[in-house]
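This report concerns only the one structure given below.
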Amino acid sequence: MRIILASKNRGKLREFQEKLSKSGIEVIPIDEVKKVEEPSETGDTFLENAYQKAVYYAKAIGEPVISEDSGLEVEALGGLPGVRSSRFAGENATDEMNNRKLIEELKKRGLSESPARYVSFIVLAFPEKKGLWSEGEVRGKVITEPRGDGGFGYDPLFIPEGYTLTMAEIPLEEKNKISHRGKAIDKLVKLIEEIKKW
Ligand code: IMP
């Protein structure tokens with residue numbers, strides 16, 4: 001089975017491929033399949049954004065499409081950056097700019113850390129108007145001293161509960177076992193196995 005991943009994020013791609021290849025599912029990034037104009041992200045929730053994107057691309061491409069919307073919710077910032085995680089420091093912001101902004105926001109409040117969680121919502125849309133969705137979270141804290149060069153996004157600033165290493169210091173295979181996306185992908189794989197039995 002082949003599924004198209006509606007994301008340009010190579011970090012996400014590696015995480016999907018690492019997990020889904022074990023179930024015999026090939027994950028292909030959308031830019032290797034077809035040039036389709038990107039829809040804008042207008043949803044107020046992760047699920048809405050993931051749903052809109054997956055349905056849009058499945059219709060445009062005529063193949064099963066996975067879309068994932070994820071982000072970081074920081075308690076001291078009232079849940080921000082949330083659905084704005086990839087553009088916290090502005091449209092087209094890099095991971096480094098977003099990380100710097102997060103550190104600044106914590107320091108402005110006199111904080112060196114805050115409880116936080118990563119959340120992930122995945123939608124798998126089939127062109128024949130059927131779909132599946134799943135979600136996952138990982139709780140932990142964010143810090144103001146970045147560490148590690150693995151992962152992507154806010155990983156150098158995020159320490160999962162029960163760990164002293166940041167997510168960027170934890171090997172990918174282990175990150176995939178404990179992460180929000182890893183948990184959401186595991187749930188999705190179970191659902192795919194179920195529909196294979198239909
Ligand atoms: P999306 O591509 O709109 O889902 O944005 C996801 C954004 O949330 C990324 O650009 C990161 O800033 C953040 N994010 C989501 N998952 C992770 C992760 O596993 N590690 C680090 N940052 C993440």
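Here's the yes/no breakdown for (1) of a type in the set (S, T, N, Q); (2) touching a Gly at 6+ places or on another chain (Cβ under 8 Å):
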| site | (1), (2) |
| --- | --- |
| LEU102 | no, no |
| SER114 | yes, no |
| ARG139 | no, no |
| VAL142 | no, no |
| ILE170 | no, yes |
| LYS177 | no, no |
| LYS183 | no, yes |
| LYS190 | no, no |
Original post:
Of all residues in the stretch 1-57, how many are polar (S, T, N, Q) and outside any helix (DSSP H, G or I)?
Top reply: 5
Original post:
So how many residues does the stretch 81-92 have that are surrounded by 17 or more Cβ atoms within 10 Å (Cβ to Cβ) and more than 30 Å from LYS130 (Cβ to Cβ)?
Top reply: 3
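One line per residue, one yes/no per condition, for (1) more than 28 Å from LEU172 (Cα to Cα); (2) out of contact with any Leu (no Cβ under 7 Å at 6 or more places or on another chain); (3) within 12 Å of the ligand (Cβ to nearest atom):
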site	(1), (2), (3)
ARG10	no, yes, yes
GLN17	no, yes, no
LYS22	no, yes, no
PRO29	no, no, no
GLU32	no, yes, no
GLU37	yes, yes, no
GLN52	yes, yes, yes
SER67	no, yes, yes
GLU75	no, yes, no
Subject >> Scope the stretch 2-48; condition surrounded by 11 or more Cβ atoms within 10 Å (Cβ to Cβ), touching a residue at least 24 places away in the same chain (Cβ under 8 Å) and more than 29 Å from GLU73 (Cα to Cα); matching residues >> reply: SER23, ILE25, GLU26, VAL33, LYS34, VAL36
**OP:** Mind listing just one residue for me: the one in the stretch 160-180 that is farther than 17 Å from ASN99 by Cβ and among the hydroxyl-bearing types (Ser, Thr, Tyr) and, of those, nearest to the ligand (Cβ to nearest atom)?
**Re:** SER179
Original post:
Name the strands (runs of 3 or more DSSP E) wholly within the stretch 65-182 that hold at least 2 residues that are at pLDDT below 95?
Top reply: 130-143
Subject >> Test for GLU135: is it within 17 Å of the chain's Cα centre (by Cα) and loosely packed, with under 14 Cβ neighbours inside 10 Å >> reply: no
Subject >> Within the stretch 50-90, tally of residues that are more than 28 Å from PRO115 (Cβ to Cβ) and of a type in the set (D, E, K, R) >> reply: 3
Original post:
Can you pull out the residues in the stretch 139-159 that are on the phi < 0 side of the Ramachandran plot, within 13 Å of the ligand (Cβ to nearest atom) and in contact (Cβ under 8 Å) with a residue 40 or more places away in the chain?
Top reply: VAL142, PRO146, PHE152, TYR154, PRO156, LEU157, PHE158
**OP:** Report yes if ILE185 is within 13 Å of the ligand (Cβ to nearest atom), more than 15 Å from ALA76 (Cα to Cα) and crowded, with 20+ Cβ neighbours inside 10 Å, otherwise no.
**Re:** yes
Original post:
Looking at the stretch 87-103, which of its residues are in contact with a Ser or Thr (Cβ under 9 Å, 6 or more places away or on another chain) and within 12 Å of the ligand (Cβ to nearest atom)?
Top reply: ALA93, ASP95, ASN98, LEU102
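The values are calculated or read from the model by the stated rules, or taken from the named source; none is laboratory data. Just so it is clear, the structure is predicted and the values come from calculations on it, not from any experiment. Please note: Cβ atoms are built from the backbone with ideal geometry, for glycine as well, and neighbour counts cover all protein chains shown.
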